[in-house]
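Just so it is clear, none of the values below were taken in a lab; they were calculated from the coordinates. Remember, predicted model here, so these are calculated numbers, not experimental data. Cβ: placed from backbone, ideal geometry, glycine included. Neighbour counts: every protein chain shown.
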Amino acid sequence: MKPAPFEYHRASDLADALRLLDAGSDEVEHKVIAGGQTLVPLMAMRLTRPALLIDLNRVTELNGIGHEGDCLRIGAMTRQGHVEASDLVRENLPLMAKALAHVGHVQTRNRGTVGGSLVHGDASAEIPLVAVVLGARLNIAAHEVSRVIEAGDFYEGPMMTAIEEIEILTSVDFPQVQGRIGTSFQEVAPRHGDFALVSAAVQVVLDDNGKCTTARIGVGGCGLTPLRLADSEAALVAGKIDAAVAAVDAAIDPEDTPQASAAYRRRIAPELVRRALEDAIAEATI
Amino acid sequence: MSRTEVTFTVNGKERSAHVPPRMTLVDCLRDEMGLTGTHIGCEQGACGACSILLDGEPVRSCLIFAVQVEGQEITTVEGLAADDGSLSPLQEAFWDHHGLQCGYCTPGILIAATALLAHNPAPDEAQIREAIDGNLCRCTGYQQIVEAVADAATRARGQGND
């Protein structure tokens, strides 16, 4: 359970990290380390053996939370525990604050980063689900170029994303919405902090008459990537909560795993969506 | 294999070691610095036995490489007692409530609970359980551990009021 030998470089800034990342190759893999809460176990199990590890932990420009235009921007290296405790996040991105309570444990959230979880791309992870559901935009840099990609286009399969080996996720932007907002994050896991079997994330916006004008609904653990449920969203905006729940089954494609059968996931996903919808609507109605 | 010099503060004292980059912080603390109070359980971030405070916050020292903590401050279980060896109120409470059996998980749980009480002097039972839910104990069950943390908080508040 020891990683294979590697060389270590503590990056001083983003440009330094990108330059070194760009100098890697298929034979001599250069890899960045963020919080390391997934990467270090993968290295210990020899599932990955980078030749050079580029440490982003001192790159301060990747760390922080703040308003950017009409978005709330979270730097990729911001610790999950910092985001969870942030008043800015609790007020402007409550769904993320609620989701983070389910991510690992205090010790892992103190070290694990928002960007690390987004890029690892586990299909049952909470942070990618929130990004997909809220239509977040990922800001990605490579040596001397950068691009923006929608979270919904970023996830391609289990732990497979659109990021290239020479690229670094620098920050993620969450569009801000106005109005009476309600959010809910529901999850079933064997124990608190374990990987979710199924999770459901909801954000609704109600008008002054209590009618839902915008709905964002998604589930994790029900396919190869986090899933946004467009048919359920349309049904909810049409005022049909039962139809929104009923539409879940056709939209998901869960797999059998040693932790839970596909049939079990199919059974609990609609129920979690129902609970999340009722919880979010109740919150927005208060 | 190449070695790098790393210097950081452990329990208030500056320490240096020559380590290969792949050496985890917990291996450095135990094997290079002789601080064997921090235990190694799973080496993959699942059990919490290797918890330490990094700049005051609890983290898993098996998921950090020693070279990464240059210049930072670390507290291990050895740093919880006073300089004269007298136990911290939390350690006293673990003694009184029999909050351990084999003792393997104890250093990690003491670290997690120390961090909890630093942030929250009056945690309720749910908050105590959440603070230690990343630490596995296979002997006692968690009841006496939770009682010890709750009692330590009560005692600390009592002292503050006197």
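Miscellaneous remarks
- Residue pairs, from the table A:K31/A:K98; A:K2/A:K31; A:K98/B:K13, whose Cα atoms sit over 27 Å apart: A:K31/A:K98; A:K98/B:K13
- The range A:44-195: Cα Rg divided by the 2.2 N^0.38 Å rule of thumb: 1.02
- Whole-Å semi-axes of the range B:20-132's equivalent ellipsoid (Cα gyration tensor): 23, 15, 14
- Candidate cross-link partners of A:K240 among the lysines, defined by an alpha-carbon separation under 24 Å and a same-chain spacing of 8 or more, comprise A:K211.
- Neighbour cut-off at most 13 other Cβ (10 Å), DSSP loop, trypsin sites (Lys or Arg not before Pro), the range B:1-95: B:R3
- Each semi-axis of the equivalent ellipsoid for the range A:129-238 is √(5λ) with λ an eigenvalue of the Cα gyration tensor; in descending order they amount to 27, 20, 12 Å.
- Centre separation in Å (Cα based) which lies between the range A:47-65 and the range A:138-174: 15
- Size of charge dipole - the protein assembly as shown - debye, nearest 20, with Cβ of Lys, Arg +1 and Asp, Glu -1, no other charges: 540
- √(5λ) per eigenvalue of the Cα gyration tensor, the range A:202-284, largest first, Å: 25, 11, 10
- Here the dipole of chain B is about 380 debye; that uses its Cα centre as origin and unit charges on the Cβ of Lys and Arg (positive) and Asp and Glu (negative).
- Angstrom value of the Kirkwood radius, inverse mean 1/r, which spans all Cα pairs in the range A:25-119: 14.3
- Once the Cβ-Cβ distance of B:Q72 and A:D242 is raised to the sixth power relative to R0 = 60 Å, the FRET efficiency obtained is 0.65.
- The range A:143-257, dipole about Cα centre (Lys/Arg Cβ +1, Asp/Glu Cβ -1), debye to the nearest 20: 600
- Inter-probe distance in nm under a simple model that places probes 7 Å from Cα toward Cβ, at A:E156 and B:R138: 4.1
- Label-point gap, in nm, between B:D55 and A:H192 - each point 7 angstrom along Cα→Cβ: 2.7
- Sparse packing (at most 11 other Cβ atoms within 10 Å of the Cβ) combined with a DSSP loop state is found for the following GluC sites (Glu not before Pro) in the range A:1-31: A:E27.
- Footprinting exposure proxy ranking of A:V172, B:V146, B:V67, A:V148, fewest other C-beta atoms within 10 angstrom first, gives A:V148, B:V146, B:V67, A:V172.
- Pairs of alpha carbons in chain A whose separation is greater than 35 Å (percent): 18
- For the range B:10-84, the Kirkwood hydrodynamic radius from C-alpha pairs, put into Stokes-Einstein at 10 °C and a viscosity of 1.306 mPa s, yields a diffusion coefficient of 129 µm² per second.
- With a simple spin-label model that places each label point 7 Å from the Cα along the Cα-to-Cβ direction, the separation between A:R58 and A:V177 comes to 4.2 nm.
- Paramagnetic reach from A:A23 (point 7 Å along Cα→Cβ, amide N under 20 Å) across the range A:135-154: A:141-145
- Fraction of beta bridges assigned by DSSP in the protein assembly as shown that are antiparallel (%, nearest 5): 85
- Sites A:D249 and B:T154, calculated FRET efficiency, Cβ-Cβ separation with R0 60 Å, nearest 0.05: 0.75
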